[in-house]
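Enquirer: Right, I'll just put the structure down here and ask away after.
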Amino acid sequence: MSQVNAVSLTEKEYLLPGNRLCPGCALSLAYRHILKALDGRAIITVPASCLTVLHGMYPVTSVTVPCVNTPFASVAASAAGLVAGLKAVGRTDLTVVAVAGDGGTHDIGIQALSGAAERHDDFIYICYDNEGYMNTGNQRSGSSPLGAISGTTPILGKRQHQKDIVAIMEAHAVPYVATANASYPLDLYQKVRKAMSMVGLRFIHVYSPCPPGWGFPFSATIRIGELAVQTGWNVLYEVENGVFQLTAGSESVARKGNPTHVREFLTAQGRFSNVTEETVQELQDWVTAKWQRYLERARSS
Amino acid sequence: MTETNTAGREPPDQMLDGNRAAAIGAKLCRVQVVAAYPITPQTPVTEALSEFVERRELPAQYITVESEHSALAVCSSASLVGARTFTATSSHGLAYMHEMLHWVAGTRLPVVLACVNRAIGAPWNVLNDQQDSISQRDTGWIQMYARNNQEILDSMIQAYKIAEKTYLPVMVCYDGYILSHTEMPVEVPSQDAVDRYLPPYRPHTVLDPGNPKNYNLVTLANPRANAEGVLCHGYMEIRYLLQEALQKSRETISAAGQEFGELFGRSYAKLLWEHRMQDAEIAIVTMGSLALEAVVAADALRKQGAKAGVLGLRVFRPFPGRDIAEALRRCRLVVVFDKNVSYGNEGATCNEIKAALYGSGASAAVSNFIVGLGGRDVKARDLADAVKGALSSLERGALSNECAQWICEI
């Protein structure tokens with residue numbers, strides 16, 4: 001598959017200008033490229049999430065793809081239903097795509113997602129992860145990191161590490177899992193294209209910084225996403241039929257061998273303003289250990 | 001209503017339990033997507049359908065979901081791309097579907113669900129009452145209750161006809177074990193006959209990139225203009241249309257039942273059924289399989305000189321209030337037996353019958369008995385005794401109109 005670049009990227013837009021997301025939201029950038037990659041050959045299903053906000057308010061919408069909004073717990077089942085229904089009526093030309101946030105994926109939606117993965121249902125599941133319940137105003141989720149202040153961890157910050165949803169999905173032996181990051185849209189585009197060419201449940205995790213929830217300026221979104229990759233906080237990789245490889249920014253960090261200290265990522269955001277030195281160290285150790293594991297996997301595959 | 005078709009071309013009766021009758025009904029309707037999660041006493045329905053699919057007798061997509069919530073989400077989305085869909089559940093499964101029940105009705109999808117009525121915990125109980133479906137009465141689904149296994153099969157076939165004409169989901173309810181696990185003779189119509197009655201599902205809109213639409217967007221309470229400046233419904237208008245569709249569905253249900261009668265010889269032209277109501281002074285009102293005991297009880301009361309009849313509800317939503325008031329107009333006593341309770345009030349059926357009588361000119365006293373919860377056996381004699389008790393209270397002027405009486409040991 002030839003690599004797409006800024007020149008060869010399709011000019012066609014499926015996400016219209018003007019939507020209700022917050023300024024600087026990484027999701028709008030990520031979703032724009034996801035839709036470009038799908039190239040109008042998809043049916044989308046979305047649970048309660050910031051993406052519902054992006055899709056807009058009846059009777060207008062800012063997207064030009066068919067979409068069904070579904071209750072919070074049921075997006076993977078909704079996708080399974082779309083796949084089954086399309087098969088039943090003899091339509092084989094469309095890709096079904098479920099797009100949900102970390103709350104709808106790591107927490108309330110995990111049962112339906114796990115069921116669909118176990119059944120090898122044939123759709124792409126994309127989780128955009130802003131590490132909290134941002135649509136309801138920033139409460140902690142299963143993906144919120146240790147130390148992060150949120151509406152439900154207001155003073156001490158979250159006391160637990162985040163759930164590794166990608167590892168959980170990989171453990172379901174799905175044909176494709178990948179991580180992506182809104183600051184690396186061409187890598188995301190490429191991964192969606194690759195997923196489209198495969199059969200079964202394909203899972204893509206998209207790291208999506210949230211300016212109001214994380215407490216950084218609207219203009220800093222791309223930089224925050226890059227810092228996450230450069231520090232090893234967010235690692236970009238894909239596992240295709242069991243074969244692991246680092247991609248994009250993470251591949252360069254591995255090649256250069258110089259991850260930035262996690263402190264740079266933490267201090268750029270308000271949500272970590274209360275973390276102690278001990279927690280910074282704990283987070284650095286957590287990131288280092290995780291990074292080493294990925295490096296070893298990259299070397300051995 | 002269940003007399004045999006005299007055309008003579010239909011296959012002979014089969015001995016079927018209620019679950020088999022429901023599954024065969026779904027198969028005859030050529031359902032295209034089935035999603036179901038096992039729960040007692042519904043399980044044989046999902047087993048039978050998976051068997052039909054694996055034997056290639058039914059060319060459907062069968063999704064073995066991980067929960068009832070997902071079962072209805074699968075049906076909902078499959079319906080949105082144009083497939084005829086079916087699921088079945090009971091009790092806690094139906095309760096777990098509650099959120100999706102609202103969504104399916106709100107999206108106006110013609111999904112059909114078989115609800116095998118079972119008690120709801122706590123405490124655990126797998127036997128019959130109707131608390132499960134009664135607890136879902138306000139979700140916007142048409143609710144039909146079958147008296148016997150023939151009615152289960154016949155209602156399934158009518159349900160798709162009604163659902164696809166009204167764009168309302170239909171729940172076919174039948175009593176767990178009493179019907180679900182009890183075999184009785186059922187006339188199974190031929191596939192050709194069902195095909196003549198039920199054309200393929202033609203959705204009004206399907207999700208398609210050629211004409212992209214966004215279903216169930218966030219919707220404000222007030223009407224709002226679209227991109228062309230055309231004023232579109234607000235949330236409240238959309239909810240009003242759901243209510244209006246339920247109200248108007250009475251005519252569709254009657255028409256579907258009548259047409260069914262013309263083709264199959266078993267007519268269901270009314271939302272109610274009556275037994276010896278023409279001259280009845282005392283009416284026993286029930287829903288579901290309790291009808292069989294109620295008929296025996298009414299006949300026994302007649303022998304003892306009381307002019308008793310039975311009024312059964314075949315359809316609970318939309319509520320046939322006007323027909324009920326008309327049927328009960330000449331009665332002096334109405335005794336309602338409920339296999340459910342609207343806690344803090346009374347049996348749901350009784351509650352609604354009282355409301356239907358208000359302002360109708362009917363002057364009957366209404367007495368309510370809660371019976372048969374969690375599979376407690378209800379005998380015709382219990383019903384007749386309760387009616388006699390209510391009658392003697394009425395004659396003494398001591399009939400309590402406020403509290404339902406429970407036929408139990410406390």
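The values are calculated or read from the model by the stated rules, or taken from the named source; none is laboratory data. Being a predicted model, the structure only gives us computed values, none of them experimental. Counting neighbours? That spans all protein chains shown, and the Cβs are built from the backbone with ideal geometry, glycine included. Remember, those area values only see protein heavy atoms, side chains included, never the ligands or the DNA or RNA. Shrake-Rupley method; radii C 1.70, N 1.55, O 1.52, S 1.80 Å.
Enquirer: Of the residues that make up region B:384-400, is at least one within 27 Å of B:H92 (Cα to Cα) and in contact with a strand residue (DSSP E or B) (Cβ under 6 Å, 6 or more places away or on another chain)?
Expert: no
Enquirer: Those residues that are surrounded by 21 or more Cβ atoms within 10 Å (Cβ to Cβ) and within 9 Å of another protein chain (Cβ to nearest Cβ), I need them from region A:97-114; list them, please.
Expert: Residue satisfying the conditions is A:A112 alone.
Enquirer: Looking at region A:37-51 only, could you name the residues that are facing another protein chain (nearest Cβ under 7 Å) and surrounded by fewer than 22 Cβ atoms within 10 Å (Cβ to Cβ)?
Expert: Result: A:G40, A:R41.
Enquirer: Any residue that is within 13 Å of chain B (Cβ to nearest Cβ) and either open to solvent by 50 Å² or more (accessible area, probe 1.4 Å) or touching a residue at least 12 places away in the same chain (Cβ under 8 Å) (or both) - is there at least one of those in region A:29-36?
Expert: Yes, because at least one residue in region A:29-36 is within 13 Å of chain B (Cβ to nearest Cβ) and either open to solvent by 50 Å² or more (accessible area, probe 1.4 Å) or touching a residue at least 12 places away in the same chain (Cβ under 8 Å) (or both).
Enquirer: Output the number of residues of region A:110-146 satisfying the condition of being touching a strand residue (DSSP E or B) at 6+ places or on another chain (Cβ under 9 Å), within 30 Å of A:V262 (Cα to Cα) and part of a loop (DSSP other than H, G, I, E, B).
Expert: Of the residues in that region, 10 qualify.
Enquirer: Output the residues belonging to region B:221-232 that are surrounded by 12 or more Cβ atoms within 10 Å (Cβ to Cβ), part of a loop (DSSP other than H, G, I, E, B) and facing another protein chain (nearest Cβ under 8 Å).
Expert: B:N226
Enquirer: Determine, yes or no, whether B:T252 is farther than 18 Å from B:T107 by Cβ, out of contact with any Cys (no Cβ under 6 Å at 6 or more places or on another chain) and among the β-branched types (V, I, T). Break it down stepwise before answering.
Expert: Details: farther than 18 Å from B:T107 by Cβ: yes; out of contact with any Cys (no Cβ under 6 Å at 6 or more places or on another chain): yes; among the β-branched types (V, I, T): yes.
Against the criterion (farther than 18 Å from B:T107 by Cβ, out of contact with any Cys (no Cβ under 6 Å at 6 or more places or on another chain) and among the β-branched types (V, I, T)), B:T252 qualifies.
Enquirer: Please note which strands (runs of 3 or more DSSP E) are completely contained in region B:40-147 and include at least 3 residues that are more than 11 Å from chain A (Cβ to nearest Cβ) and buried (at least 23 other Cβ atoms within 10 Å of the Cβ).
Expert: B:85-89, B:112-117, B:142-145
Enquirer: Looking only at region B:197-209, count every residue that is at the interface with chain A (Cβ under 9 Å from one of its Cβ atoms) and open to solvent by 60 Å² or more (accessible area, probe 1.4 Å) and tell me the total.
Expert: 0
Enquirer: Tell me, please, whether a residue that is under 30 Å from A:H161 (Cα atoms), open to solvent by less than 20 Å² (accessible area, probe 1.4 Å) and within 11 Å of chain B (Cβ to nearest Cβ) can be found in region A:63-70.
Expert: Our first condition is that a residue be under 30 Å from A:H161 (Cα atoms); within region A:63-70, this holds for A:70.
Right, trim to open to solvent by less than 20 Å² (accessible area, probe 1.4 Å) and you get A:70.
Applying the additional criterion that residues be within 11 Å of chain B (Cβ to nearest Cβ) yields A:70.
Scanning region A:63-70, I find at least one residue that is under 30 Å from A:H161 (Cα atoms), open to solvent by less than 20 Å² (accessible area, probe 1.4 Å) and within 11 Å of chain B (Cβ to nearest Cβ), so the answer is yes.
Enquirer: Which pairs have Cβ atoms under 9 Å, sit 6 or more apart or on different chains, and link a residue in region A:165-191 that is under 21 Å from A:C210 (Cβ atoms) to one that is open to solvent by 40 Å² or more (accessible area, probe 1.4 Å) and of a type in the set (V, I, T)?
Expert: These pairs meet every condition: A:I165/A:I110; A:A182/A:I222; A:S183/A:I222.
Enquirer: If you scan region B:247-268, which residues turn out to be open to solvent by 20 Å² or more (accessible area, probe 1.4 Å) and closer than 26 Å to B:V81 by Cβ?
Expert: If the condition is that a residue be open to solvent by 20 Å² or more (accessible area, probe 1.4 Å) and closer than 26 Å to B:V81 by Cβ, then B:T252 is the only one that fits.
Enquirer: Scan region B:237-249 and give yes if some residue there is of a type in the set (A, V, I, L, M, F, W, C) and within 14 Å of chain A (Cβ to nearest Cβ), otherwise no. Show your work before the answer.
Expert: To start, the set of residues in region B:237-249 that are of a type in the set (A, V, I, L, M, F, W, C) comprises B:238, B:241-242, B:245-246.
Pick out the ones that are also within 14 Å of chain A (Cβ to nearest Cβ) and you get B:238, B:241.
Yes - at least one qualifying residue is present in region B:237-249.
Enquirer: Can I ask one more? Restricting attention to region B:288-324, and to residues there that are among the hydrophobic types (A, V, I, L, M, F, W, C) and open to solvent by 10 Å² or more (accessible area, probe 1.4 Å), which single residue is nearest to the chain's Cα centre (by Cα)?
Expert: Here the residue is B:F319.
Enquirer: Let me ask something additional. Which of the residues that make up region A:160-207 are of a type in the set (K, R) and more than 28 Å from A:I149 (Cβ to Cβ)?
Expert: A:K191, A:R193, A:K194, A:R202
Enquirer: Out of (1) within 10 Å of chain B (Cβ to nearest Cβ); (2) buried (at least 17 other Cβ atoms within 10 Å of the Cβ), the odd one out for A:R20 is which?
Expert: Looking at each condition in turn, A:R20 falls short on (2).
Enquirer: Could you please let me know if B:R196 is basic (K, R), at pLDDT 95 or above and touching a strand residue (DSSP E or B) at 6+ places or on another chain (Cβ under 8 Å)? It would help to see each step written out before you state the result.
Expert: Details: basic (K, R): yes; at pLDDT 95 or above: yes; touching a strand residue (DSSP E or B) at 6+ places or on another chain (Cβ under 8 Å): no.
The answer is no for B:R196.
Enquirer: I'd like to check which strands (runs of 3 or more DSSP E) are fully inside region A:197-301 and have at least 1 residues that are in contact with a His (Cβ under 9 Å, 6 or more places away or on another chain).
Expert: Where strands (runs of 3 or more DSSP E) fall fully within region A:197-301 and carry at least 1 residues being in contact with a His (Cβ under 9 Å, 6 or more places away or on another chain), they are A:202-207.
Enquirer: Right, next: Go through region A:78-90 residue by residue and tally those that are at the interface with chain B (Cβ under 7 Å from one of its Cβ atoms) and not in a helix (DSSP H, G or I).
Expert: Final tally of qualifying residues: 1.
Yes/no matrix, rows are residues, columns are (1) at pLDDT below 95; (2) open to solvent by less than 10 Å² (accessible area, probe 1.4 Å); (3) within 16 Å of A:G101 (Cβ to Cβ):
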| position | (1), (2), (3) |
| --- | --- |
| A:N181 | no, yes, yes |
| A:L201 | no, yes, no |
| A:P212 | no, no, yes |
| A:G215 | no, no, no |
| A:S219 | no, no, no |
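Enquirer: Another one. Could you please find all residues in region B:278-298 being acidic (D, E) and outside any helix (DSSP H, G or I)?
Expert: B:D279, B:E281
Enquirer: In region B:303-337, what count of residues is obtained for those that are over 23 Å from B:K248 (Cα atoms), assigned to a strand (DSSP E or B) and in contact with a Ser or Thr (Cβ under 8 Å, 6 or more places away or on another chain)?
Expert: First pass over region B:303-337, keeping only residues over 23 Å from B:K248 (Cα atoms): B:303-310, B:329-337.
Those still in the list that are assigned to a strand (DSSP E or B) too: B:308-310, B:333-337.
Still in the list and also in contact with a Ser or Thr (Cβ under 8 Å, 6 or more places away or on another chain): B:310, B:333-337.
Selection size over region B:303-337: 6.
Enquirer: Across region B:244-269, what is the number of residues that are closer than 22 Å to B:Y145 by Cβ and free of Cβ contacts under 8 Å to residues at least 12 places away in the same chain?
Expert: Residues flagged as closer than 22 Å to B:Y145 by Cβ and free of Cβ contacts under 8 Å to residues at least 12 places away in the same chain within region B:244-269 amount to 4.
Enquirer: Follow-up. Could you tell me which residue of region A:272-301 is farthest from A:I149 (Cα to Cα), considering only residues that are of a type in the set (G, A, S) and either open to solvent by less than 30 Å² (accessible area, probe 1.4 Å) or touching a strand residue (DSSP E or B) at 6+ places or on another chain (Cβ under 7 Å) (or both)?
Expert: A:S301
Enquirer: Right, next: Name the residue, out of A:E264, A:E251, that is among the charged types (D, E, K, R), out of contact with any strand residue (DSSP E or B) (no Cβ under 6 Å at 6 or more places or on another chain) and closer than 22 Å to A:Y128 by Cβ.
Expert: Unique residue meeting the criteria: A:E251.
Enquirer: Kindly indicate whether B:Q243 is surrounded by fewer than 14 Cβ atoms within 10 Å (Cβ to Cβ) and within 30 Å of B:A380 (Cα to Cα).
Expert: Answer is no for this residue.
Enquirer: How many residues does region B:339-363 hold that are in a helix (DSSP H, G or I) and either in contact with a His (Cβ under 7 Å, 6 or more places away or on another chain) or of a type in the set (V, I, T) (or both)?
Expert: Residues meeting the conditions: 2.
Enquirer: Against the definition (farther than 18 Å from A:E131 by Cα, open to solvent by less than 10 Å² (accessible area, probe 1.4 Å) and not small (G, A, S)), how does A:V192 come out, yes or no? Break it down into steps so the answer makes sense when it comes.
Expert: Values: farther than 18 Å from A:E131 by Cα: yes; open to solvent by less than 10 Å² (accessible area, probe 1.4 Å): yes; not small (G, A, S): yes.
The answer is yes for A:V192.
Enquirer: Okay, moving on. Any idea which residue in region A:5-17 is nearest to A:P211 (Cα to Cα), counting only those that are over 20 Å from the mean Cα position of the chain (by Cα) and surrounded by 10 or more Cβ atoms within 10 Å (Cβ to Cβ)? Give the derivation first.
Expert: Within region A:5-17, the subset over 20 Å from the mean Cα position of the chain (by Cα) is A:5-13, A:16-17.
Then drop every residue that is not surrounded by 10 or more Cβ atoms within 10 Å (Cβ to Cβ), which leaves A:9-10, A:12-13, A:16.
Working: A:L9: 27, A:T10: 28, A:K12: 27, A:E13: 24, A:L16: 22 Å.
Across region A:5-17, the extreme among qualifying residues is A:L16.
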